[in-house]
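The values are calculated or read from the model by the stated rules, or taken from the named source; none is laboratory data. Just so it is clear, the structure is predicted and the values come from calculations on it, not from any experiment. Glycine gets a Cβ as well: all are built from the backbone with ideal geometry, and neighbour counts include every protein chain shown.
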Amino acid sequence: MMAYDTDPTLSPIGDREDKPSLDDLRHATPQGILRAAMAAFGDRIALVSSFGAESAVLLHMVSEIDPAIPVLFLDTGMQFGQTLDYRKQLAARLGLADVRDLRPAFKDLAAGDPGGNLWKTDTDACCHIRKVIPLDLALQGFDAWITGRKRFQSVTRAALPVIETANDKTKVNPLANWTKADLDAYVAEHDLPAHPLVQFGYPSIGCWPCTKPVETGLDQRAGRWAGSEKVECGIHTPGADGAKDFDAIGEGL
Ligand code: SF4
């Protein structure tokens, strides 16, 4: 039994003959959520993936629905070499046809981080140049994006809704309700390759200067910006309209 809310009167949306009802998303499987969102937004939705420790699950799910969906990857210039290799190998294995590498602008690096060491003194500014600005630009062409965030990852994500809005865009979190056991079972069932750093104790993988292995029993994201107050890179900061639960969005999707 998976960890999402279940209702025996509801079947997964994607398995239905009739038009998907977005009202049912809270009870749907991740695949049902993805099918409904991808059908609702068409070519105006993208998946944002870090090609990190658990990314293979969501990438595999979308590849089975539409391998041509745009996949946005933040190639910050500070990714582990293993992540760049994994991104290429996994995209090829899954047949993903439109993976886009988002890189920071040369002018922003020249002005704000000419030495490539801004992460040592101002991680928020570094993330802004290398992640927030490139993603904001890339998302201008979309109305919605899919993320791989889960509630179990950290206390700061414990109330993550399946659907939210930020900066006038809809964010879809199909795996919000899933547990680590759900993910592991899916990986085993589909024989998905692991990120090479997982075996070395990295349960969450970002840029190399800001990612450390995590001891057993700590939050999955405890190794991100370890030793500082920072817990998110800035791309998931709620916008002026804030985060909303699915019920508040209703037919607005
Ligand atoms: Fe810079 Fe670290 Fe943010 Fe990567 S995670 S953009 S290196 S501060």
For this session: Restrict the check to the range 166-174 and report whether at least one residue is of a type outside the set (Asp, Glu), under 27 Å from GLN82 (Cα atoms) and at pLDDT 90 or above.
Result: yes
Seminar exercise, completed: All conditions in (1) under 17 Å from the mean Cα position of the chain (by Cα); (2) at pLDDT below 90 are true of LEU183 except (2)
Seminar exercise, completed: Here the residues within the range 130-143 that are surrounded by fewer than 20 Cβ atoms within 10 Å (Cβ to Cβ) and either more than 16 Å from the chain's Cα centre (by Cα) or away from the ligand (no atom under 16 Å from the Cβ) (or both) are ILE133, LEU137, LEU139, GLN140, GLY141, PHE142, ASP143
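Does the range 137-158 hold any residues that are in a helix (DSSP H, G or I) and at pLDDT below 95, and which are they? It would help to see each step written out before you state the result.
The initial filter retains those residues of the range 137-158 that are in a helix (DSSP H, G or I), namely 137-139, 151-153, 155-157.
Selection gives ARG151, PHE152, GLN153, VAL155, THR156, ARG157.
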Exercise. Which members of the range 34-89 meet the condition of being more than 17 Å from ALA176 (Cβ to Cβ) and of a type in the set (Ser, Thr, Tyr)?
Worked result: SER63, THR76, THR83, TYR86
For this session: Please work out which residue is farthest from ALA105 (Cα to Cα), limiting yourself to the range 126-174 and to residues that are touching a strand residue (DSSP E or B) at 6+ places or on another chain (Cβ under 8 Å) and among the charged types (D, E, K, R).
Result: GLU164
Exercise. Just a yes or no: is a residue in the range 170-189 of a type in the set (Lys, Arg) and away from the ligand (no atom under 16 Å from the Cβ)?
Worked result: yes
Exercise. Which numbered condition trips up MET1, out of (1) surrounded by fewer than 16 Cβ atoms within 10 Å (Cβ to Cβ); (2) modelled with pLDDT of 95 or more; (3) not hydroxyl-bearing (Ser, Thr, Tyr)?
Worked result: (2)
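A quick yes/no check of all residues on (1) surrounded by fewer than 18 Cβ atoms within 10 Å (Cβ to Cβ); (2) at pLDDT 95 or above; (3) among the basic types (Lys, Arg); (4) touching a Gly at 6+ places or on another chain (Cβ under 9 Å):
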site	(1), (2), (3), (4)
LEU59	no, yes, no, yes
GLU64	yes, yes, no, no
ILE69	no, yes, no, no
THR83	no, yes, no, yes
ARG100	yes, yes, yes, no
PRO104	no, yes, no, yes
ALA110	yes, yes, no, no
GLY116	yes, yes, no, yes
CYS126	no, yes, no, yes
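Quickly run through the range 147-182 and pick out the residues that are under 27 Å from ASP43 (Cα atoms), of a type in the set (A, V, I, L, M) and in contact with a helix residue (DSSP H, G or I) (Cβ under 7 Å, 6 or more places away or on another chain).
Step one: of the range 147-182, the residues under 27 Å from ASP43 (Cα atoms) are 147-150, 160-178.
Checking which are of a type in the set (A, V, I, L, M) leaves us with 160, 162-163, 166, 172, 175-176.
Once the filter is applied, which keeps residues that are under 27 Å from ASP43 (Cα atoms), of a type in the set (A, V, I, L, M) and in contact with a helix residue (DSSP H, G or I) (Cβ under 7 Å, 6 or more places away or on another chain), the range 147-182 yields LEU160, VAL162, ILE163, VAL172, LEU175, ALA176.
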Problem set entry | Given (1) surrounded by 17 or more Cβ atoms within 10 Å (Cβ to Cβ); (2) in contact with a strand residue (DSSP E or B) (Cβ under 8 Å, 6 or more places away or on another chain); (3) under 21 Å from PRO67 (Cα atoms), number of the condition LEU183 does not satisfy | (2)
